[in-house]
Each structure stands twice: as structure tokens, then as C-alpha cells.
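Heads up, the thing below is written out as C-alpha cells.
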Amino acid sequence: MIIPYQELSKEALTNLIEQFILREGTDYGETEVDKATKIEQVLGLIKSGEALIVYSELHEEVNIMSAQQFKQMQAEEGDYHIDRDEF
């Protein structure tokens, strides 16, 4: 199920993004990017629809993933489902 980012408090959204950044160990190239910049980059992806906040009922967890990754996972596993018509 997709969770609209607008339904999360600012604190909850920031915490979710921070956990995602730490878990993913994202590499930003030759120069180090500070945590605040990483958070803004991921938030921008979420706001643009390129990344989604997804709840897995099977795994009982919330994750951030690309929209493309979500569609692929949905087709492969049927674990995640879409509740909104626009996706």
C-alpha cells in the first residue's frame, strides 16, 4: 500500500528518510554529501513521485522505493498493492 507523504508528520517523514539513507548506504560520488542534503534529495524524489513510501502488509514494514521498483515488485510478488487509482 502506498502511503502519501502528506499523511505523515514532518518528524515521522524525516525519521523515515533518515532510516532509509542509513540503511541504503547511498553513495553520492566523489564528494561527501551532508545528511540534510541527502534528506532533501530523497524528499524531492518522494514529492515528485519518483520515489514512494510503501507499506508491506506481508513484512509489516514501511520502506521507500522508486516508483519503477514498486511496479516491478508488485508484478513479481503481489506483496505490495496500490490503493490509489493514479498509480
TODO: For Ile3, enumerate residues with amide H under 5 Å from its amide H, sequence gap 5+ or separate chain, H modeled in the peptide plane.
DONE: Ile53, Val54, Tyr55
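Using a Förster radius of 30 Å, what is the FRET efficiency between Glu7 and Thr31 based on their Cβ-Cβ separation? Nearest 0.05, please.
Calculated transfer efficiency: 0.30.
Using a 1.4 angstrom probe with every protein chain in place, what is the largest-first accessible-area order of Leu45, Leu16?
Leu45, Leu16
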Open item on the list: Quick check: pseudo-label points 7 Å beyond the Cα along Cα→Cβ at Gln41 and Leu58, how many nm apart are they?
Closed with: 3.0
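The values are calculated or read from the model by the stated rules, or taken from the named source; none is laboratory data. The structure displayed is predicted, hence computed values, not measured ones. Please note: Cβ atoms are built from the backbone with ideal geometry, for glycine as well, and neighbour counts cover all protein chains shown. SASA here: full protein model, heavy atoms, side chains in, ligands and nucleic acids out. Shrake-Rupley method; radii C 1.70, N 1.55, O 1.52, S 1.80 Å.
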